[in-house]
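Please treat every number below as a calculation from the coordinates, not as lab data. Because the structure is predicted, anything quoted here is derived from the model rather than measured. Here Cβ is always computed from backbone atoms with ideal geometry, including for glycine, and neighbour counts include all displayed protein chains.
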């Protein structure tokens, strides 16, 4: 498989506050606009990023912690998004990615990873208990045709 050429990248480092979710989503959306995505593709990416950030806010930390978001754009409109926290980690990633699974009582539906998977081409989750979690999402987009 041919290695793709990196066209551009950006990184955001912030803290895990709900109030930062819209900022992160907007920043990612604005950054990926440079490859002239369709509105549907931008919405897909924004929704998946929002779900990942919400998972961190809800589950990674007892209080406030760090979030790092890295967006890489490769030739051929390939986008890779890495979202990392240094929180509690996930004990059983496979179980956590099951639809409707949640460790939180109340209004959480347990659909975060399912939503991410439905909007991106691939979603991989790497986690170590007590050390944090990294979510890697990829999507190949089509440029708008005129």
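Just grab the label-to-label distance for residue 58 and residue 26, each label 7 Å out from Cα along the Cβ direction, in nm (one decimal).
About 2.4 nm separates the two model spin labels.
Provide the descending list of Cα extents for segment 6-140 along its principal axes, expressed in whole angstroms.
That works out to 40, 27, 24 Å along the principal axes.
Taking neighbour counts of Cβ atoms within 10 Å as a proxy for exposure, in what order, fewest first, do 136, 115 appear?
Details: 136 16, 115 19.
In increasing order of surrounding Cβ atoms, one gets 136, 115.
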